[in-house]
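Bear in mind that the values in this text are calculations on the coordinates, not laboratory data. Since this is a predicted model, take the numbers as computed values, not measurements. Note that we place each Cβ from the backbone using ideal geometry, even for glycine, and neighbour counts take in every protein chain shown.
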Amino acid sequence: MPQLITGKDSLPPILGSYILIIKDGEEIHISGVPSFVPGADRYRDSVSENNDEFEDDEGNEFSIRICSSSQGVEWDLNLSAKDGDDKALAAHIRTEYQSNDC
């Protein structure tokens, strides 16, 4: 059964940012975080979303959904192990938010 890794950061991405996907200490993918919609009157109008799918060198499949808003960034990483042991794969994966903001 696919595993879900979630994360969030309260720092809104003014200049764009990215999420690193790390497996056993090695970066395997970078996904861009979209800048939120500045000047939006309501929270829901400030939301921008990015979706990304990729495979690692071993054929494991990943999909990430990243939402940014005036309240910060949230992401959901779904993973599916080629050998079917999704839980074991998830134990080797972590995500890290990197902001480009000064």
inquiry  = Six or more apart or on different chains, Cβ atoms under 7 Å: show the pairs whose first residue is in the range 62-91 and over 17 Å from ILE22 (Cβ atoms) and whose second is surrounded by fewer than 21 Cβ atoms within 10 Å (Cβ to Cβ) and β-branched (Val, Ile, Thr).
reply    = CYS67/VAL47; SER69/VAL47
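For GLU74, state whether it is of a type in the set (D, E, K, R), surrounded by 15 or more Cβ atoms within 10 Å (Cβ to Cβ) and touching a Lys or Arg at 6+ places or on another chain (Cβ under 9 Å). Write out each step before concluding.
Working: of a type in the set (D, E, K, R): yes; surrounded by 15 or more Cβ atoms within 10 Å (Cβ to Cβ): yes; touching a Lys or Arg at 6+ places or on another chain (Cβ under 9 Å): yes.
Spelling it out, GLU74 is indeed of a type in the set (D, E, K, R), surrounded by 15 or more Cβ atoms within 10 Å (Cβ to Cβ) and touching a Lys or Arg at 6+ places or on another chain (Cβ under 9 Å).
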message = For the range 52-71, which positions are among the aromatic types (Phe, Trp, Tyr) and surrounded by 18 or more Cβ atoms within 10 Å (Cβ to Cβ)?
response = PHE62
inquiry  = Please count how many residues of the range 23-36 are without any contact (Cβ under 8 Å) to a residue 12 or more places away in the chain and in a loop (DSSP other than H, G, I, E, B).
reply    = 1
Test: GLU49 is under 12 Å from the mean Cα position of the chain (by Cα) and surrounded by fewer than 16 Cβ atoms within 10 Å (Cβ to Cβ) = yes
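Which members of the range 37-94 meet the condition of being aliphatic (A, V, I, L, M), in a strand (DSSP E or B) and closer than 16 Å to LEU4 by Cα? Reasoning before the result, please.
Pass one, the range 37-94, residues aliphatic (A, V, I, L, M): 37, 40, 47, 64, 66, 73, 77, 79, 81, 88-91, 93.
After this cut, where a residue has to be in a strand (DSSP E or B) as well, the list is 64, 66, 73, 77, 79, 93.
Those that are aliphatic (A, V, I, L, M), in a strand (DSSP E or B) and closer than 16 Å to LEU4 by Cα: ILE64, ILE66, LEU77, LEU79, ILE93.
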message = Kindly evaluate ILE22 against the criterion of being within 17 Å of MET1 (Cα to Cα) and either surrounded by fewer than 13 Cβ atoms within 10 Å (Cβ to Cβ) or among the hydrophobic types (A, V, I, L, M, F, W, C) (or both).
response = no
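Among the residues in the range 33-54, are any out of contact with any strand residue (DSSP E or B) (no Cβ under 7 Å at 6 or more places or on another chain) and among the hydrophobic types (A, V, I, L, M, F, W, C)?
To start, the set of residues in the range 33-54 that are out of contact with any strand residue (DSSP E or B) (no Cβ under 7 Å at 6 or more places or on another chain) comprises 38-42, 44-45.
Those left that are additionally among the hydrophobic types (A, V, I, L, M, F, W, C): 40.
Yes: one or more hits.
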